[in-house]
Amino acid sequence: MAYKNADDMIFGTAVHPVKAELGLQVGAGYVTAEVNYAPRPEAGVSKEKLVSEYRKLTTDIMARAVQIGFPAVSLETEHVEQMTNNPTWGGEIAHVQKTILEEYHEEYGIKCGLRHTPGDIREDRDLLALIGKKYDTLMESFEAVAEGGADFLSIETMGGKEVFDYAVLRNDVPGMIYSIGCLGGMDMEMIWTDIAKIAQKKNRVPAGDTDCAQANTAMFVGGGLLDKNLAHTLAILARVIAGSRTLVGYEAGAKGPGKDCGYENTIIKAITGCPIAQEGKSATCAHADVMGNLTMQVCDLWSNESVEYHGEFGGTSVQCWSQTLNMDAALMNTSIQTGNAKMLRDLMCLSDKYRDPQGYILAYDNAFKVGQAIVKDGNDLYLRAKNAVVETIKILEASKKEGKLLMSRFEQNALADAKASIDALTNEKDTFMSDSLAKYKAEVKVFRPEANYKW
Amino acid sequence: MDIDPSKILVRYNVQKEKAQSPDQMAAEMFPKAEPARTIAKAIYEGEEDDVIEGLEKAIGKGADAIKLIDDVLMPGMKIVTDLYDQGVIFLPNVMMAADAMLEGIEYCKESSGSAPKPKGVVVCHVAEGDVHDIGKTIVAALLRADGYKVVDLGRDVPVDEVIAAVKKESPMMLTGTALMTTTMYAFKEINDRLLEAGIKVPFQCGGGAVNQDFVASYQLGIYGEEAADAPKMANAILAGKGLAQLKDMFHKH
């Protein structure tokens with residue numbers, strides 16, 4: 001654990017801050033907005049149109065930042081598939097964006113960062129194709145965006161998703177451990193080792209991953225309080241397993257800032273001390289979640305997840321949302337300067353902590369305990385994911401005494417079923433792996449373990 | 001520092017929970033007669049082996065395998081989807097029940113050597129360039145559970161392939177899902193190509209980045225906000241609703 005106590009964790013400061021090229025530091029004592037965006041649907045038809053779209057939206061964001069007087073801003077470009085499949089496209093867009101940031105930095109001194117997140121293109125229609133030609137193209141994309149000027153390199157990898165999608169729709173918690181914790185972890189080790197090498201070669205920062213493909217799928221399938229698609233007690237189990245899985249990226253060389261939609265990032269920061277991006281109340285342009293304030297608690301970059309580029313009454317969408325993010329960051333930075341940061345952290349945390357089981361576990365005090373459970377068997381991908389689940393169930397069960405986190409009968413039943421399935425699991429990784437391999441090879445027709453994972 | 005959360009948030013799901021448990025409600029809905037009761041219970045519980053065992057016994061006693069599909073398996077599944085629509089049970093229960101029911105249907109088909117007539121054919125796909133297919137998987141499962149034949153084209157499906165499948169299958173409905181703003185643009189192209197070919201099939205579109213405004217911008221498009229809207233829309237089409245009426249029903253915003 002990078003921190004001795006959960007209370008030592010705070011927004012804006014990380015044990016191991018990172019630097020971007022144009023003056024921005026992340027985790028070095030202040031919080032910065034990280035603006036995310038998506039091009040309009042029709043912009044994807046040609047390279048010229050895409051480049052033009054990113055040129056316009058980058059200029060819009062920077063213009064608004066200096067108009068309102070913000071000292072720093074970071075941008076994240078999540079690739080549309082054309083940009084990754086054609087590495088020169090992504091590279092050119094990174095270059096165009098970085099050039100605009102440089103101009104603003106030079107003229108106004110504003111501190112800037114640029115993250116590029118190539119899409120995980122490693123698929124062949126209905127099948128994952130994690131190793132092979134697509135992998136090579138993906139690495140070329142990382143090279144190109146690093147060359148183009150992206151400071152932070154990220155990705156949202158999909159390892160294990162073919163089994164996870166099957167398991168999550170069947171309340172199968174051991175299947176979630178296998179898919180996210182084991183298969184996802186194996187893929188992460190392979191890909192992050194290579195991303196870190198590229199970053200080192202190009203003098204960029206290998207930033208971090210997110211289990212968007214799996215834990216966020218569980219969170220979104222879970223939906224709101226009244227949705228009936230997945231118990232939130234199971235969604236949080238997927239999330240804590242993702243804590244173990246996303247950690248692999250850092251073990252393989254990532255340094256942060258972790259990706260915004262990695263809601264597992266509080267756990268990651270507790271273990272690694274690396275800075276993290278997070279999203280919440282100022283990402284409602286992209287999705288609804290049940291912990292909009294809580295996720296600010298220990299963030300270093302504060303993101304809006306994504307917004308389609310278009311006009312709003314208050315300017316373009318990227319201007320409106322970047323202003324909201326920057327205002328949030330200004331409030332957090334004010335609390336840091338006035339010595340009230342821990343007070344603000346706790347207010348933000350408490351306003352969501354009891355809203356549902358996900359917020360309860362991701363509250364920094366409980367997330368810290370999950371982190372401790374993961375590192376207890378840190379060298380065993382299976383056991384550390386299982387530990388995270390066991391600890392989470394323990395914390396949720398113990399919460400009943402306190403009576404502040406109310407859980408529906410359905411959530412409690414799902415939790416009890418999860419506990420029963422976990423209690424029945426072996427402590428031997430090899431046994432679990434071979435049993436799971438046989439089970440999911442038989443049940444999931446798109447699962448091709450030999451082709452996709454380095455065993 | 002800690003708080004009394006009851007002053008700042010409401011757990012409406014806990015407040016609204018029905019007095020009866022899902023199992024109790026389901027038990028009241030199961031048919032009284034055997035073997036329908038045992039098989040319906042096995043479907044509800046997602047127990048494939050018990051479904052097959054029940055069917056085996058029934059067929060052994062002379063029941064018509066294809067009739068069992070219509071009279072026992074489909075009504076048993078309807079109990080599950082009704083409970084889901086009422087917010088009593090959750091999606092994984094429906095998925096596991098659907099797995100069990102579909103195994104039962106396969107068993108009946110093998111036993112009789114013939115196939116039941118589906119309510120209709122629906123072609124499902126995920127937009128070209130998009131690999132996010134869990135939404136489509138749910139849509140396809142819910143449609144199958146409601147008695148439709150699903151032609152699942154998978155994910156990242158080129159426009160040409162969608163058009164060819166519609167021409168070949170003549171479906172009553174086409175579905176498209178997408179997570180990304182740039183991939184959903186393919187829906188508009190599909191719409192235009194279908195119209196060029198003189199095909200006016202309702203095209204239900206939904207998924208992460210897809211919104212009603214976008215879908216309403218092309219003639220055949222009908223926005224599906226939730227996966228559960230898919231069988232409802234198919235049933236509305238069976239009941240004779242046209243494109244304008246479907247848009248009225250499903251465009252809620």
Going by the conditions given, is A:Pro41 more than 13 Å from chain B (Cβ to nearest Cβ), surrounded by fewer than 24 Cβ atoms within 10 Å (Cβ to Cβ) and either under 25 Å from the mean Cα position of the chain (by Cα) or not polar (S, T, N, Q) (or both)?
-> no
Hey, does segment B:11-19 have a residue that's surrounded by fewer than 18 Cβ atoms within 10 Å (Cβ to Cβ), more than 9 Å from chain A (Cβ to nearest Cβ) and of a type in the set (A, V, I, L, M)?
-> yes
In this structure, is A:Met1 more than 14 Å from every other protein chain (Cβ to nearest Cβ), at pLDDT 95 or above and under 19 Å from the mean Cα position of the chain (by Cα)?
-> no
Scan segment A:302-327 residue by residue and report those that are in contact (Cβ under 8 Å) with a residue 24 or more places away in the chain and acidic (Asp, Glu).
-> A:Glu305, A:Glu308
When you go through (1) within 30 Å of A:Leu406 (Cα to Cα); (2) of a type outside the set (Lys, Arg); (3) more than 14 Å from chain B (Cβ to nearest Cβ) one by one for A:Ser335, which number turns out not to apply?
-> (1)
Segment A:177-191: number of residues that are crowded, with 23+ Cβ neighbours inside 10 Å, farther than 16 Å from A:Thr431 by Cα and not charged (D, E, K, R) = 5
Sole exception among (1) touching a Gly at 6+ places or on another chain (Cβ under 6 Å); (2) within 14 Å of chain B (Cβ to nearest Cβ); (3) surrounded by fewer than 24 Cβ atoms within 10 Å (Cβ to Cβ); (4) under 27 Å from A:Lys255 (Cα atoms) for A:Gly148, by number = (2)
Being at pLDDT 95 or above and surrounded by fewer than 17 Cβ atoms within 10 Å (Cβ to Cβ) is the filter here, so list the residues in segment A:113-127 that pass it.
-> none
Within the set of pairs 6+ apart or on separate chains, which have a first residue in segment B:3-32 that is within 19 Å of B:Gly87 (Cβ to Cβ), a second that is among the aliphatic types (A, V, I, L, M) and loosely packed, with under 13 Cβ neighbours inside 10 Å, and C-beta atoms under 9 Å apart?
-> B:Tyr12/A:Leu226; B:Asn13/A:Leu226; B:Lys16/A:Leu226
Quick one: A:Arg239 ticks every box in (1) crowded, with 23+ Cβ neighbours inside 10 Å; (2) farther than 21 Å from A:Met1 by Cα except a single one, so which number is it?
-> (2)
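Condition check ((1) assigned to a helix (DSSP H, G or I); (2) free of Cβ contacts under 8 Å to residues at least 40 places away in the same chain) across all residues:
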| residue | (1), (2) |
| --- | --- |
| A:Val15 | no, no |
| A:Val26 | no, no |
| A:Asp60 | yes, no |
| A:Ala63 | yes, no |
| A:Val73 | no, no |
| A:Gln82 | yes, yes |
| A:Thr88 | yes, no |
| A:Glu92 | yes, no |
| A:Thr99 | yes, no |
Residue selected from segment B:167-185 under the condition modelled with pLDDT of 95 or more and hydrophobic (A, V, I, L, M, F, W, C), by the criterion nearest to A:Val80 (Cα to Cα) | B:Leu174
All positions within segment A:314-326 that are of a type outside the set (Ser, Thr, Tyr) and either touching a helix residue (DSSP H, G or I) at 6+ places or on another chain (Cβ under 8 Å) or at pLDDT below 95 (or both) = A:Gly314, A:Gly315, A:Val318, A:Gln319, A:Trp321, A:Gln323, A:Leu325, A:Asn326
Among the residues of segment A:257-267, is there at least one that is in contact with a strand residue (DSSP E or B) (Cβ under 6 Å, 6 or more places away or on another chain) and part of a helix (DSSP H, G or I)?
-> yes
If we ask which residues in segment B:74-101 are closer than 17 Å to B:Lys136 by Cα, at the interface with chain A (Cβ under 7 Å from one of its Cβ atoms) and of a type outside the set (A, V, I, L, M, F, W, C), their number turns out to be 1
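Residue by residue, here is whether (1) within 23 Å of A:Asp165 (Cβ to Cβ); (2) out of contact with any strand residue (DSSP E or B) (no Cβ under 9 Å at 6 or more places or on another chain) holds:
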site: B:Val150; (1), (2): yes, no
site: B:Val162; (1), (2): yes, no
site: B:Ser170; (1), (2): no, no
site: B:Val210; (1), (2): yes, no
site: B:Tyr218; (1), (2): no, no
site: B:Glu225; (1), (2): yes, no
site: B:Gln245; (1), (2): no, yes
Within segment A:163-179, can you find the residues that are within 14 Å of chain B (Cβ to nearest Cβ) and either outside any helix (DSSP H, G or I) or farther than 20 Å from B:Asn93 by Cα (or both)?
-> A:Leu169, A:Arg170, A:Asn171, A:Asp172, A:Ser179
Restricting attention to segment B:108-149, which residues are buried (at least 21 other Cβ atoms within 10 Å of the Cβ) and away from every other protein chain (no Cβ under 14 Å)?
-> B:Cys108, B:Val122, B:Val123, B:Leu143, B:Asp146, B:Gly147, B:Tyr148
Selected residue [part of a strand (DSSP E or B), under 22 Å from the mean Cα position of the chain (by Cα) and at pLDDT 95 or above] from A:Leu130, A:Leu153 | A:Leu153
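For (1) touching a Phe, Trp or Tyr at 6+ places or on another chain (Cβ under 7 Å); (2) more than 14 Å from every other protein chain (Cβ to nearest Cβ); (3) not hydroxyl-bearing (Ser, Thr, Tyr), each residue gets a yes or a no:
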| residue | (1), (2), (3) |
| --- | --- |
| A:Ala199 | no, yes, yes |
| A:Val221 | no, no, yes |
| A:Arg245 | no, yes, yes |
| A:Asp260 | no, yes, yes |
| A:Tyr263 | no, yes, no |
| A:Ala288 | no, no, yes |
| A:Met296 | yes, yes, yes |
| A:Tyr309 | yes, no, no |
Give A:Asp346, A:Asp380 a once-over and let me know the one that is of a type in the set (Asp, Glu), more than 14 Å from chain B (Cβ to nearest Cβ), closer than 26 Å to A:Met1 by Cβ and surrounded by fewer than 22 Cβ atoms within 10 Å (Cβ to Cβ).
-> A:Asp380
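The values are calculated or read from the model by the stated rules, or taken from the named source; none is laboratory data. Here the structure is a predicted model, which means the values were calculated and not measured. Using ideal geometry, Cβ is built from the backbone for each residue, glycine included, and neighbour counts are taken over all protein chains shown.
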